[in-house]
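First up is the structure itself, then whatever we jot down about it.
Rule-based calculations on the coordinates, nothing more; no lab input. These figures come from a predicted structure and were not determined experimentally. As a convention, Cβ positions derive from the backbone with ideal geometry for all residues, glycine included, and neighbour counts pool all protein chains shown.
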Amino acid sequence: MLINTTGRRADRLERLLEISRHLGMSQELDTLLQSVVDASCELTESRSSSILLLEEETGMLKFVAGSQIEKEIIKRIRVPLENSIAGRVYTQCKPIVLHYARTDPHMFRDVEKALNSNVDSMIAVPMIFQGETIGVIEAVNKRDHGHYSDEDVTILETLASQAAVAILSTLMLEQMKEAYTELEESERKKSDFIAIASHELRTPLGLILGHATDLLETSVNEEQRSQLEVVVRSANRLKKIIDDFSSFDNLRGGDHRQFHKKIILNELVREVTASFQENARSRRITLMVDIPGEDIPILADRDKLCLALSNLIDNAITFTERGGHVLVFIEKLPGYARVSVIDDGIGIPAKDLPHIFERFYQVEGHLTRKHGGIGLGLSVAKAMVELHKGQIWVESVEGKGSNFSFLLPVRDEMKTAGEAPRPATRPFV
Ligand code: ADP
């Protein structure tokens, strides 16, 4: 007889271990709750079982799972913390066993009424996680009209503590997934907004730029010319902001599509620099290029590289006083080409240098600064250069000027530029 009882206990413990292992495996919350209910019935040899968790809005216990036939009905029932067995277990954080439930004055009878059945015996244990009760597991009506034993209590308590961990981690995982989906959704809405707004702004802006440029080329007097120049300059700045916004958003959204083709770096740098001559002239800045005679072929996405270089030249012109100088030069190094944009402008304070490529970073406060821009230009330039396996950096002295350089691997020698030694720096113009 003793051997029989010991063997049975060992079997139950082994089964409990097996169930606990299964609970630890990641699964959907509903499936997990159902497994706990089934396990509770099986281990305590009960006719039915249920799990209750505290509902924050009502301050009552809510059935979140129950044995198959009953679960839809009982999910609508709320159990008060006072005058109920589950409530007492929850608040006192201790198990309760009822051998004669029909006559127990603390029983909350709504469940029996709803299910049209009687509870004869009952065992209820708290689900505790890190000293805090998160819910209750109940098992009712021991099979063969038996009595719940101390061993049943121990087994159900063990199951409840395993279930508490599994339920909480599944709940947390589900909340994280929900938050992530919400984040993705708002990210998508933001990208849609940027795409639509950029598109809608580009069309009228193109018209403003086109007409203003046309007018500039026709015979206008000096005063009209200078006013039109302001219009063109402002429209161009607006265009740059829109371009930066959409390129940055595309990159953040994971649009890393690149259309790499073989191009001659010398030509690209010459063209981009030429497109800024008018802007530089209007600000009385001398814009120079120093390009080697020997062609430097690279594999690049032309538009992305143009954007990076444009942002650097645009900044150099913007942050250089009238009468200043900007030099764009290319240097061929073993396996790499270095492009530098050097100015003798206002320079960047040493404390700002480590942050200068961060998005939305600006040296002057946004409200006090004289220049337009939203602090995306350099982060876009950095992202574009890195898409080409390149590396970008800056050297600058406040009041003297800045030197923004990037290294690109040249064709046939496409190593990562990060491994390349940085060449000696050329002084500011
Ligand atoms: P923005 O479009 O607002 O200029 P950027 O990311 O291009 O944003 O530049 C960030 C900040 O870095 C600028 O606001 C400016 O303060 C500083 N900066 C960038 N280039 C230069 C430069 N050549 N000389 C001095 N300051 C610069």
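Dipole of the stretch 2-66, Cα-centred, from +1 at each Lys and Arg C-beta and -1 at each Asp and Glu C-beta, to the nearest 20 debye?
Values: 7 positive and 11 negative charges, 87 e Å.
Rounded to the nearest 20 debye, it is 420 debye.
With an 8 Å Cα cut-off and a minimum separation of 6 or more residues, compute the relative contact order for the chain in percent. Show your work: numbers first, answer last.
On the way: 674 pairs, mean separation 42.5, N = 429.
Contact order relative to length: 10 percent.
Quick one: which residues, 5+ away or cross-chain, put their amide H under 5 Å from the amide H of Arg283? H built at 1.01 Å from N.
none
Calculate the translational D of the stretch 254-341 in whole µm² s⁻¹ from Stokes-Einstein, where the hydrodynamic radius comes from the Kirkwood formula applied to all Cα pairs, the temperature is 10 °C and the viscosity 1.306 mPa s.
Details: Rh = 13.8 Å.
Answer from the Stokes-Einstein relation: 115 µm²/s.
Among Met288, Met384, Met107, Met176, which comes first, second and so on when ranked by fewest other beta-carbon atoms within 10 Å? All intermediate terms of the calculation are to be shown ahead of the outcome.
Working: Met288 13, Met384 25, Met107 17, Met176 10.
Exposure proxy ranking, most exposed first: Met176, Met288, Met107, Met384.
With the cut-off at 24 Å, report for the stretch 295-406 the share of all Cα pairs above it, as a whole percent. Mind showing how you got there, number by number?
Values: 1378 of 6216 pairs.
Taking all Cα-Cα pairs of the stretch 295-406, the fraction more than 24 Å apart is 22 percent.
Hey, can you grab everything whose amide H is under 5 Å from the amide H of Val220? Only 5+ residues off in sequence or another chain; H modelled, so Pro and N-termini drop out.
The list, which skips near neighbours in sequence, is empty: none.
Given a Förster distance of 25 Å, report the FRET efficiency between Tyr361 and Ser186 from their Cβ-Cβ distance, rounded to the nearest 0.05. Numbers along the way, then the final one.
Values: r = 23 Å, r/R0 = 0.93.
The computed FRET efficiency comes out at 0.60.
Can you sort Ser405, Ser35, Ser275, Ser40 so the residue with the fewest Cβ neighbours within 10 Å comes first? Mind showing how you got there, number by number?
On the way: Ser405 22, Ser35 18, Ser275 11, Ser40 27.
Fewest to most other Cβ atoms nearby, the residues stand as Ser275, Ser35, Ser405, Ser40.
Pick from Leu378, Leu228, Leu309: which residue has the top mean-square fluctuation in a GNM of the chain where Cα pairs under 10 Å get a spring?
Residue with maximal mean-square fluctuation among Leu378, Leu228, Leu309: Leu228.
First obtain the Kirkwood hydrodynamic radius of the chain from its Cα pairs, then insert it into the Stokes-Einstein equation at 20 °C and 1.002 mPa s, and state the resulting D in µm² per second as a whole number.
Details: Rh = 27.9 Å.
Rounded to a whole number, D works out at 77 µm²/s.
List every DSSP H helix in the chain whose Cα atoms extend 24 Å or more along the helix's own long axis and whose mean Kyte-Doolittle hydropathy is at least -1.0.
Numbers: long enough: 2-24 (33 Å, -0.56); 150-217 (97 Å, 0.04); 222-252 (45 Å, -0.76).
The qualifying helices are 2-24, 150-217, 222-252.
Test of understanding: what is the full-extension gain from Glu222 to Arg202, defined as 0.36 nm times their sequence separation minus their Cα-Cα distance?
Numbers: separation 20, 0.36 × 20 = 7.20 nm, distance 2.87 nm.
Gain in length upon complete extension: 4.3 nm.
By a straight-distance test (C-alpha under 25 Å), which lysines pair with Lys190 as possible cross-link partners, with residues fewer than eight away in the same chain excluded?
Leaving aside lysines fewer than 8 places away in the same chain, those within reach of Lys190 are Lys177, Lys239, Lys240, Lys304, Lys382.
Which residues' amide hydrogens lie under 5 Å from the amide hydrogen of Ile348, considering only partners 5 or more residues apart or on another chain, with H built in the peptide plane?
For Ile348, the qualifying residues are Val397, Glu398, Gly399, Gly401.
Nearest 20 debye, what's the magnitude of the dipole of the stretch 21-109 about its Cα centre given +1 on Lys and Arg Cβ and -1 on Asp and Glu Cβ?
Roughly 280 debye for the stretch 21-109.
Considering only DSSP states other than H, G, I, E and B, which trypsin sites (Lys or Arg not before Pro) in the stretch 51-139 qualify as loop sites with at most 10 other Cβ atoms within 10 Å? Could the numbers behind the result be given before it?
Numbers: sites: Lys62, Lys71, Lys75, Arg76, Arg78, Arg88, Arg102, Arg109, Lys113; in loops: Lys75, Arg76, Arg109.
Those that pass, being in a loop and sparsely packed, are Arg76.
Among 80-87, 334-341, 45-52, 6-13, what's the highest-first ranking by average C-beta atoms within 10 angstrom per residue?
Working: 80-87: 18.0, 334-341: 20.4, 45-52: 22.6, 6-13: 12.0.
Averaged packing, sorted descending, gives the order 45-52, 334-341, 80-87, 6-13.
Would you calculate the separation in nanometres between label points at Lys261 and Ala195, each defined as 7 Å from the Cα along the Cα-to-beta-carbon direction?
Simple spin-label model gives 2.4 nm for this pair.
Which percentage, to the nearest 5, of the DSSP beta bridges contained in the stretch 234-356 is antiparallel?
Working: 12 of 17 bridges.
Taking every DSSP beta bridge within the stretch 234-356, about 70 percent pair in antiparallel fashion.
Considering Cα pairs under 8 angstrom that are at least six residues apart, work out the relative contact order of the stretch 172-282 and quote it in whole percent.
Details: 31 pairs, mean separation 32.4, N = 111.
That works out to 29 percent.
Return the sequence-ordered ³J(HN,Hα) values of the stretch 130-139 in whole Hz as given by the Karplus equation 6.51 cos²θ - 1.76 cosθ + 1.60 applied to θ = phi - 60°, using x for Gly and Pro.
Running phi through 6.51 cos²θ - 1.76 cosθ + 1.60 with θ = phi - 60° gives 6, x, 10, 7, 10, x, 9, 10, 10, 10 Hz.
Please order Glu229, Glu157, Glu223 by the number of other Cβ within 10 Å, starting at the fewest.
Lowest count first: Glu223, Glu229, Glu157.
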